[in-house]
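**Student:** Provided herewith is a single structure, encoded as structure tokens, for subsequent inquiry.
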Amino acid sequence: MTASPFDLSGKVAIVTGGNGGIGLGMARGLAEAGAAIAIVGRNEAKSNAAVAGLRQSGAKAISVVADVTTRPRRRHGRTCQPRTGRIDILVNNAGINIRKAPHALSLDEWDSVIKTNLTSASCARRRSIPR
């Protein structure tokens, strides 16, 4: 039996925005490859439903309620690690879209999009990755 190049057995993945859409697809793919999953999202009910679906498929999964736009944005990693034992993979997937032309967005809407889609991902810690 040869090992699959996509074998993630024993690895732990955090997927922000993993409770729906592309993020949930990423979480499912990582789980199918053997990774344990931590779904991080603002909507507790959606995250719990995503975790239930992953577990039903045989995956190890937990839900962590967090808002990646808040100042202590790294807190989800600190919350996940004691519950999962380690963090091997981070998928910065959280993102939003307000269906308006950019010039029609209010300043609050603009700030919300930028904080979610750009600022939150740029603040992810990468200290565990060897340089």
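**Student:** Being charged (D, E, K, R) and free of Cβ contacts under 8 Å to residues at least 60 places away in the same chain is the filter; apply it to the stretch 1-46 and report the residue that is least open to solvent (accessible area, probe 1.4 Å).
**Tutor:** Initial filter on the stretch 1-46 (charged (D, E, K, R)): 7, 11, 28, 32, 42, 44, 46.
Filter again for free of Cβ contacts under 8 Å to residues at least 60 places away in the same chain, leaving 7, 28, 32, 42, 44, 46.
Details: ASP7: 83, ARG28: 127, GLU32: 161, ARG42: 140, GLU44: 107, LYS46: 99 Å².
Ranking the candidates gives ASP7 first.
**Student:** All but one of (1) β-branched (Val, Ile, Thr); (2) farther than 24 Å from VAL113 by Cα; (3) modelled with pLDDT under 95 hold for ILE14, so report the exception by its number.
**Tutor:** (2)
**Student:** Hey, which of the helices (runs of 4 or more DSSP H) in the stretch 34-131, taking only ones fully inside, have at least 2 residues that are at pLDDT 95 or above and in contact with a strand residue (DSSP E or B) (Cβ under 9 Å, 6 or more places away or on another chain)?
**Tutor:** It comes to 44-56.
The values are calculated or read from the model by the stated rules, or taken from the named source; none is laboratory data. These figures come from a predicted structure and were not determined experimentally. Positions of Cβ are generated from backbone atoms using ideal geometry, with glycine treated the same way; all protein chains shown enter the neighbour counts. Remember, those area values only see protein heavy atoms, side chains included, never the ligands or the DNA or RNA. Shrake-Rupley method; radii C 1.70, N 1.55, O 1.52, S 1.80 Å.
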